[in-house]
Amino acid sequence: MEKKVSFSLAYFLIAFLVLITLQNYFLSRTIAQISYSEFKVLLKERLINDLEIRQDTIEGKLVKGADERIAALRGSDTRQPKVSPDMKTFFVVRMEDGDLVKELTANGIRFNALQESTWFRTLLSWVVPVLLFVGLWGFLMKRMGAAGGGLMAVGKSKAKIYVEGETKVTFEDVAGVEEAEEELKEVIEFLRNPQKFQTLGGKIPKGILLVGPPGTGKTLLARAVAGEAKVAFLSISGSDFVEMFVGVGAARVRDLFAQAEKMAPCIIFIDEIDALGRARGISPIGGVDEKEQTLTQLLTEMDGFDTKKGVIIMAATNRPEILDQALLRPGRFDRHVVVDRPDLKGREEIFAVHIKKIKIAGDVVLKTLASLTPGMVGADIANVVNEAALLAVRKGKDVVEMKDFEDAIERVVAGLEKKSRVISPKERERVAYHEMGHALVASVLPNADPVRRVSIIPRGVAALGYTLQLPTEDRFLLTRSELLDRMAVMLGGKAAEELIFGEASTGAKNDLERATDMATAMIKAYGMSEKLGPVSYDKARPRFLDVQMAGQPKDYSEHTAQEIDDEVHQLLRDTLRKSSEILRENRAQLERIARILLEREVIEGDELKALIAERQ
Ligand code: ADP
Ligand code: MG
Ligand code: ZN
């Protein structure tokens, strides 16, 4: 649309220029332009006749021989357009000349005063400005409409529903997210044949939320689900709802669901839902704002929607924590599919997907590329491949070589480092020891949950690595020793950093917070401190609007508060010492397996068990 507008504007300008040039050309061909002094000479010598005297100009006929006289008068002066013999009329700008009429009469020249032709005047004085104004106004309105907003654009909001009959994207195009794909298979099965699915009694999720860092392929995955199921894909982006008039967003949502119903089976996809589904708070200005109305409409539509119609609602976000809880309730987006950063193998597969589109040299090893790009997501890898191809073209090669890839990675990494999304090798090493600290302490302590996975692939915004533990059974009660062991595992990361590098880093912040919370709960709530005895100091207090009132009186003395603090400190200090001791005893293991982790990025629980058993 934007393109068309500027195109027609250019058209108009060109036409205008052509017209002016043509007019000038023809005028100068037929009418001689002369100066007033020349006019006076011609008058005296009677080389002009039949004058038309207007308000500002005088026009008239040239008598034979006038052109030669003019040429003689001008001599070598070429400032005015040449007067050729075939010019029969002339034109001169009028000057203050009181005796003109007398002179004309004396010389017997026919003359006539003329009023400026009125239609031309009228045209010039107001039709043209009005036309120009109307044109400009229309042009501006169009521009405003394109940019969204604008008072005239209420009906045509920026939040567009994109309908794709066939996305032509399949799981082949999405790599390194097998777990997510596995979870979505059921949805595809359902969309392919909604009736059959129902007779079998399968329970179909209504809303699926794709959660993961930016660029991991959430949008791509949603389109792939539609492609795999061969159903229509209706998408809308949450960020388009920002800056809109009240009511428009809600209308758009209603529209979306109405369209979906007609097109079923299909997928509704709401990209970047966090822009719209932010937790509703009490608005500081008061009243209901646009986003809130839109969100409410979305919830209403979702509730009133019957899955049996064969419509699946998908949404994507990279900030699930800020979403309104109402969105996550059963019957809404209750199924969450994590689309995480790819590991080594995943990155290799993503490279394979994107490399299909270019010609590569024989020396390119995908595995090496994957190992050179820790922390990168699918979008970064697509970027690397693109950049490498550009570099190769610039050098005039017809295939992309390993060297081009290496240079491209360097460039992309430099860009990402600015956004602090890629970790330096030194930091990676620290993260590996930190995570192995958690994992080793967990494997040594009898009451800790077994380790399911250790990873140094960054996760979310803050965590640089993670150690995943899995309780072997559902737990409602935890004993004191279990709590103690859990706390020791939490502090294992900090202990490992101190042991290996001599000091801890800021990476242990979250661990410390959790351990402190746990220690505080043990002392204050569960009565697990010997010194304070079996007393709970953590009675539920009345809360106002779910916000703890500040400055509420404690129901214990300052002295007790001090004692609680001391006990928490003591407990944490003892636990950290315990973790440190475990790691010191197993230092060889720690170093050996941390090296392996650095290389592989992920160690699964079974592998870890085998690795530990190896030495013992
Ligand atoms: P998100 O929605 O999670 O931010 P996108 O789906 O928009 O990420 O991904 C942007 C681009 O990056 C995709 O179009 C694709 O080219 C590439 N990409 C991202 N993830 C993957 C992946 N897992 N496999 C292949 N390509 C990917
Ligand atoms: Mg996206
Ligand atoms: Zn940690």
Please work out if ALA232 is more than 16 Å from ligand 2 (Cβ to nearest atom) and open to solvent by less than 30 Å² (accessible area, probe 1.4 Å). yes
Among the residues of segment 329-353, write down those that are open to solvent by less than 40 Å² (accessible area, probe 1.4 Å), touching a residue at least 40 places away in the same chain (Cβ under 8 Å) and under 24 Å from the mean Cα position of the chain (by Cα). PHE333, VAL337, VAL339, ASP340, ARG341, PRO342, GLY346, ARG347, ILE350, VAL353
Scan (1) over 60 Å from the mean Cα position of the chain (by Cα); (2) closer than 30 Å to TYR11 by Cα; (3) hydrophobic (A, V, I, L, M, F, W, C) for the single condition LEU22 breaks and write down its number. (1)
VAL431 vs. criteria over 30 Å from ALA495 (Cβ atoms), open to solvent by less than 30 Å² (accessible area, probe 1.4 Å) and of a type outside the set (Asp, Glu): no
Hey, does segment 503-516 have a residue that's away from ligand 3 (no atom under 13 Å from the Cβ), outside any helix (DSSP H, G or I), among the charged types (D, E, K, R) and in the same structural domain as ALA448 (by TED's automatic domain parsing)? yes
Does ALA175 qualify as being open to solvent by less than 10 Å² (accessible area, probe 1.4 Å), out of contact with any strand residue (DSSP E or B) (no Cβ under 7 Å at 6 or more places or on another chain) and either within 14 Å of ligand 1 (Cβ to nearest atom) or within 26 Å of ALA382 (Cα to Cα) (or both)? no
For the subset of segment 309-321 comprising residues that are closer than 21 Å to ARG192 by Cα and surrounded by 21 or more Cβ atoms within 10 Å (Cβ to Cβ), which member is nearest to ligand 3 (Cβ to nearest atom)? ALA315
Residue set PHE269, PHE241; condition hydrophobic (A, V, I, L, M, F, W, C), modelled with pLDDT under 80 and open to solvent by less than 40 Å² (accessible area, probe 1.4 Å); output residue PHE241
Inter-residue pairs, beta-carbon under 9 Å, first modelled with pLDDT of 90 or more and in segment 206-218, second more than 16 Å from ligand 3 (Cβ to nearest atom) and aromatic (Phe, Trp, Tyr), 6+ apart: ILE208/PHE333; LEU209/PHE333
With the condition being surrounded by 11 or more Cβ atoms within 10 Å (Cβ to Cβ), in contact with a Ser or Thr (Cβ under 8 Å, 6 or more places away or on another chain) and at pLDDT below 85, I'd like the strands (runs of 3 or more DSSP E) fully within segment 1-116 carrying at least 2 qualifying residues. 31-33
Between ALA488, ALA508, which is open to solvent by less than 30 Å² (accessible area, probe 1.4 Å) and either touching a Cys at 6+ places or on another chain (Cβ under 9 Å) or at pLDDT below 85 (or both)? ALA508
Unique residue being away from ligand 2 (no atom under 16 Å from the Cβ), within 27 Å of the chain's Cα centre (by Cα) and open to solvent by 70 Å² or more (accessible area, probe 1.4 Å) when the list is LYS356, LYS395, LYS367, LYS426: LYS356
Of all residues in segment 304-326 being in contact with a strand residue (DSSP E or B) (Cβ under 8 Å, 6 or more places away or on another chain) and not in a strand (DSSP E or B), which is modelled with the highest pLDDT? ASN318
Condition set out of contact with any helix residue (DSSP H, G or I) (no Cβ under 6 Å at 6 or more places or on another chain) and among the aliphatic types (A, V, I, L, M), scope segment 188-220, selection surrounded by the most Cβ atoms within 10 Å (Cβ to Cβ): answer is LEU209
Here are some conditions: (1) more than 16 Å from ligand 2 (Cβ to nearest atom); (2) surrounded by 19 or more Cβ atoms within 10 Å (Cβ to Cβ); (3) not assigned by TED's automatic domain parsing to the domain that holds VAL253. ASP324 meets all but one. Which one does it not meet? (3)
Conditions (1) crowded, with 20+ Cβ neighbours inside 10 Å; (2) at pLDDT 80 or above: number failed by SER481: (1)
Apart from one, (1) modelled with pLDDT under 95; (2) at negative phi; (3) open to solvent by less than 60 Å² (accessible area, probe 1.4 Å) all hold for SER580; the odd one out is (1)
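The values are calculated or read from the model by the stated rules, or taken from the named source; none is laboratory data. These numbers were taken from a predicted model, which means no experiment stands behind them. For neighbour counting, all protein chains shown are included, and Cβ atoms are generated from backbone atoms with ideal geometry for every residue, glycine included. Calculation scope for accessible area: heavy atoms of the full protein, side chains included, ligands and nucleic acids excluded. Shrake-Rupley method; radii C 1.70, N 1.55, O 1.52, S 1.80 Å.
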